[in-house]
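Read through the structure below, which is laid out as structure tokens, and then see the notes.
The values are calculated or read from the model by the stated rules, or taken from the named source; none is laboratory data. Quantities reported herein were computed from a predicted structural model and do not represent experimental measurements. Methodologically, a virtual Cβ is constructed for each residue, glycine included, from the backbone with ideal geometry; neighbour enumeration extends over all protein chains shown.
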Amino acid sequence: MEADPQLCCFTNKANESPLFLAVRKGTPSIVHCILKAYESGVSPSFQGTNGLTALHAAVTQEQLKDKGVVEILVSKNRHLIKEVDAIGWTPLHYAAFTGNVEATQLLMESDSSASYILDLSEMSALHVAAYAGHTKVMEELIRYQPDTCDLLNSKGQTVLHSAILGGQGKVVEYILRKPKLTGLINEADEDGNSPLHIAVMYKEVDIISILTADHRVDKAAVNKKFSTAIDIFLGQKSKEQGTIDSTVLRQFGSCVGDPFLQQKISDDFNKPETSEKDTPGTSAIEHKRQKSLPNFNLVVTTLIATVTFTAAITPPGGFKSDGKLVLSEDPFFQVFQIFNLGSFMIAMLAICSESTLTRLLSIQITTPAVLIQYSIVALLAAFMSATMAVTPKHQRIFPRKNPFAFLFCIIGTLGLVLALIAAYWCFGTIIQKLREKHMSRR
């Protein structure tokens, strides 16, 4: 520098000046050395890549905060404050994004009008600070220029929208606490979406809780598609075919809009119609098979009911002379009676509900086809239990001498396990439906 101060005016092939490289590397001693060129009447280059300047780089360097680099750069060239890079960001945008409060204060003291500069997406430094979650930077920007709260991006979104898009719950709470920012709470973007709409669209559950807990938030606000926030929430759950979170529903309150109700009614009334019509590509044979399926189910359930009824009045082992059952004390016979009765009752239930869905306490449980499956499983368990009941006891316990007895033991055990699993699944379904109905009433 002493030999040729003009060297600090050149840039490399990447358009990087020596000053920019020194700042980016975080070497304040070299920065101060290059800036001494001003004493020789030479103005060093501040240029960097993609439209960046040395000041852009300085506000993002943590190690330069206490070295006075930002201050000396501004003092040497105040025009750098409003210089924008390839995406339209000023040094103030970068200070807001990194949360550099000291640099923000210095830039605003030097030229607070920089806070009104918007990037290519029309985002102000305040939008960026809100998106990144830096409330202290926001406080400094608002303190110097309160009007920046009214700035909108290219989509007509406020800083509150920006905070929600960034998932910054603390920033949302900060805005709700500030009386001067009350006007942002229900302000809609160009699509009519309020901050609550945006929170629901991006599934920010914590922010939804924060907003709905504030009485000033309009939960019934509609966007340009005439949808409320709860409409969007329910629409998302409908597409995902997931369980609706009752906690979130209670937070929204009773503010379901007309579009959701219209869609719900349309879906409910179209379901029977679409199920009766042939889908594209359905053959005549397939259509005939579907029409004959109810008759087939009726025949199967009638056969099961007949077999189980016959087995009940003519039990395995027969009767004693006194009219008592021969195998009444046998545990396998008792299991046979339970599953035989269960199979008969399920078959009768399937016959009675062949044309409608089975309901218990107005809750849809299952269809006749599924009931037939339960009945067949119970019938299988009854058959295996009866087989074990008429097998000699010593062959049940020690089946090694008779492989057929050993085989019957295994089959009987599997039958019992399958029947128990089916019963457990059936009762589990009933309990789940009851629970869902109870939650919906709440």
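Miscellaneous remarks
- Cβ-Cβ contacts under 9 Å between residues 6 or more apart (or on different chains), taken from a first residue in the range 20-46 that is closer than 15 Å to Ser75 by Cα to a second residue that is acidic (Asp, Glu) and modelled with pLDDT of 80 or more, are listed as Phe46/Glu83.
- Residues satisfying the stated conditions in the range 87-141, i.e. modelled with pLDDT of 95 or more, of a type in the set (Val, Ile, Thr) and in contact with a Gly (Cβ under 9 Å, 6 or more places away or on another chain): Ile117, Val137
- Residue that is nearest to Met384 (Cα to Cα), among those in the range 316-336 that are touching a Leu at 6+ places or on another chain (Cβ under 9 Å) and either surrounded by 19 or more Cβ atoms within 10 Å (Cβ to Cβ) or touching a residue at least 24 places away in the same chain (Cβ under 8 Å) (or both): Phe336
- Evaluation of Ala220 against the conditions (1) part of a helix (DSSP H, G or I); (2) modelled with pLDDT under 95 shows that the sole unmet condition is (1).
- Members of the range 21-62 found to be among the basic types (Lys, Arg), modelled with pLDDT of 80 or more and part of a helix (DSSP H, G or I), listed by number: Arg24
- Residues in the range 161-199 that are in a helix (DSSP H, G or I) and basic (Lys, Arg) were compared, and the one that is nearest to His134 (Cα to Cα) is Lys170.
- Options Gly235, Gly257; residue that is at pLDDT 60 or above, among the small types (Gly, Ala, Ser), in contact with a helix residue (DSSP H, G or I) (Cβ under 9 Å, 6 or more places away or on another chain) and over 30 Å from Leu141 (Cα atoms): Gly235
- Every test in (1) crowded, with 19+ Cβ neighbours inside 10 Å; (2) outside any helix (DSSP H, G or I); (3) not assigned by TED's automatic domain parsing to the domain that holds Ala221 is passed by Glu122 save one, and that test is (1).
For every residue, the table says whether it meets (1) among the charged types (D, E, K, R); (2) more than 17 Å from Gln168 (Cβ to Cβ).
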| residue | (1), (2) |
| --- | --- |
| Asp191 | yes, yes |
| Val200 | no, no |
| Ile207 | no, no |
| Asp214 | yes, no |
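- For the range 189-218, the candidate set comprises residues that are β-branched (Val, Ile, Thr) and out of contact with any Phe, Trp or Tyr (no Cβ under 9 Å at 6 or more places or on another chain); within that set, the residue that is nearest to Thr158 (Cα to Cα) is Ile198.
- Total residues in the range 374-395, condition at pLDDT below 75, surrounded by fewer than 17 Cβ atoms within 10 Å (Cβ to Cβ) and not in a loop (DSSP other than H, G, I, E, B): 2
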